[in-house]
Amino acid sequence: MRSITWLWRRRGNPLYRGTDRVEGLLALCAVLLVLLAAPAAAVWGGRAAHGTLSEIVREQHRQRHQVWATVIGTSPDASAGPEAGSGRVAATWTAADGTTRSGTVLTDRAAGPGDRLRVWIDARGEPTTRPMDPGTAASHAALAGAGTGVVTAGLVEFARRLAVRRLMVRRYARWEEEWTRVGPDWGRAGRSN
């Protein structure tokens, strides 16, 4: 913003170059794009992510449900639990089609043979994770929207910096041409020997 103000005040200065005008316009366009395009991209990204995640939540809630499982023993790798009193246990449960299934399930508490616990199973009757809840989906969608907005603003700034860099290369090339044209007597203030 400071550069826009500085460039606006310098517009009547005879030392004000055309590249300075272009640089000022680039800065103004970049600010406007960040203020307008980044929020629009954030809203679009958030809505797109929310729609996709909401469908995933609905699908997971259709396919997964909780059943009671009976612990029949501890699993050989029961010590692999992340904290004491939790881990894997061997259990049996009844699937949605009425068949009895058995396997290893995760538990968050100490469980011995005969204990009953609630486990999530999928449509095939296999143990699975708990379905995502709508609040978690909304949080992920908000983060995706914010990320989209930040990336958009970053791309605008990257494009502005790239254009300014090209302007500087052009400016330096013109200066080099001017120095070459002045010649080797530039330090003598035009005096001849």
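Could you grab me the full set of residues in the range 108-152 that are closer than 23 Å to residue 57 by Cα and in contact with a strand residue (DSSP E or B) (Cβ under 8 Å, 6 or more places away or on another chain)?
Residues satisfying the conditions are 118, 119, 120, 121, 125, 126, 127, 128, 129, 130, 131.
With the structure loaded, tell me whether residue 153 is at pLDDT 90 or above and either under 30 Å from residue 25 (Cα atoms) or open to solvent by 50 Å² or more (accessible area, probe 1.4 Å) (or both) or whether it fails that test.
Numbers: at pLDDT 90 or above: yes; either under 30 Å from residue 25 (Cα atoms) or open to solvent by 50 Å² or more (accessible area, probe 1.4 Å) (or both): yes.
The answer is yes for residue 153.
Residue by residue through the range 25-40, note down the ones that are open to solvent by less than 80 Å² (accessible area, probe 1.4 Å), among the aliphatic types (A, V, I, L, M) and over 19 Å from residue 143 (Cβ atoms). Show your work before the answer.
Narrowing the range 25-40 to residues open to solvent by less than 80 Å² (accessible area, probe 1.4 Å): 26-31, 34, 37-40.
Right, trim to among the aliphatic types (A, V, I, L, M) and you get 26-28, 30-31, 34, 37-38, 40.
Those that are open to solvent by less than 80 Å² (accessible area, probe 1.4 Å), among the aliphatic types (A, V, I, L, M) and over 19 Å from residue 143 (Cβ atoms): 26, 27, 28, 30, 31, 34, 37.
Residues being touching a residue at least 40 places away in the same chain (Cβ under 8 Å) and open to solvent by 50 Å² or more (accessible area, probe 1.4 Å): count how many of those fall in the range 94-127.
Here is the first cut: in the range 94-127, the residues touching a residue at least 40 places away in the same chain (Cβ under 8 Å) are 111-123.
From the residues that got through so far, the ones that are open to solvent by 50 Å² or more (accessible area, probe 1.4 Å) too are 113-116, 118, 120, 123.
Matching residues across the range 94-127 total 7.
Could you grab me the full set of residues in the range 84-107 that are at pLDDT below 80 and on the phi < 0 side of the Ramachandran plot? Step through it out loud before you land on a result.
Going through the range 84-107, the residues at pLDDT below 80 turn out to be 84-87.
Within the range 84-107, 84, 86 meet the criteria.
Return the pair list, or none, for Cβ contacts closer than 8 Å from residues in the range 134-147 that are open to solvent by 70 Å² or more (accessible area, probe 1.4 Å) and at pLDDT 95 or above to residues that are part of a helix (DSSP H, G or I) and not aromatic (Phe, Trp, Tyr), at least 6 apart or on different chains.
140/49; 140/53
Across the range 41-74, what is the number of residues that are open to solvent by less than 60 Å² (accessible area, probe 1.4 Å) and either among the aliphatic types (A, V, I, L, M) or without any contact (Cβ under 8 Å) to a residue 24 or more places away in the chain (or both)? Please lay out each step first, then the result.
Let us first name the residues in the range 41-74 that are open to solvent by less than 60 Å² (accessible area, probe 1.4 Å), namely 41-42, 45-46, 48-49, 51, 53-54, 57, 60, 64, 67, 69-71, 73.
The next check asks that each one be either among the aliphatic types (A, V, I, L, M) or without any contact (Cβ under 8 Å) to a residue 24 or more places away in the chain (or both); those that pass are 41-42, 48-49, 51, 53, 57, 67, 69, 71.
Residues in the range 41-74 being open to solvent by less than 60 Å² (accessible area, probe 1.4 Å) and either among the aliphatic types (A, V, I, L, M) or without any contact (Cβ under 8 Å) to a residue 24 or more places away in the chain (or both): 10 in total.
The values are calculated or read from the model by the stated rules, or taken from the named source; none is laboratory data. The shown structure was predicted, so the numbers you read here are calculated from the model rather than taken from an experiment. When we count neighbours, we look across all protein chains shown, and the Cβ atoms used for this are built from the backbone with ideal geometry, even at glycine. Side chains are part of the model used for accessible areas, which takes the heavy atoms of the whole protein and leaves out ligands, DNA and RNA. Shrake-Rupley method; radii C 1.70, N 1.55, O 1.52, S 1.80 Å.
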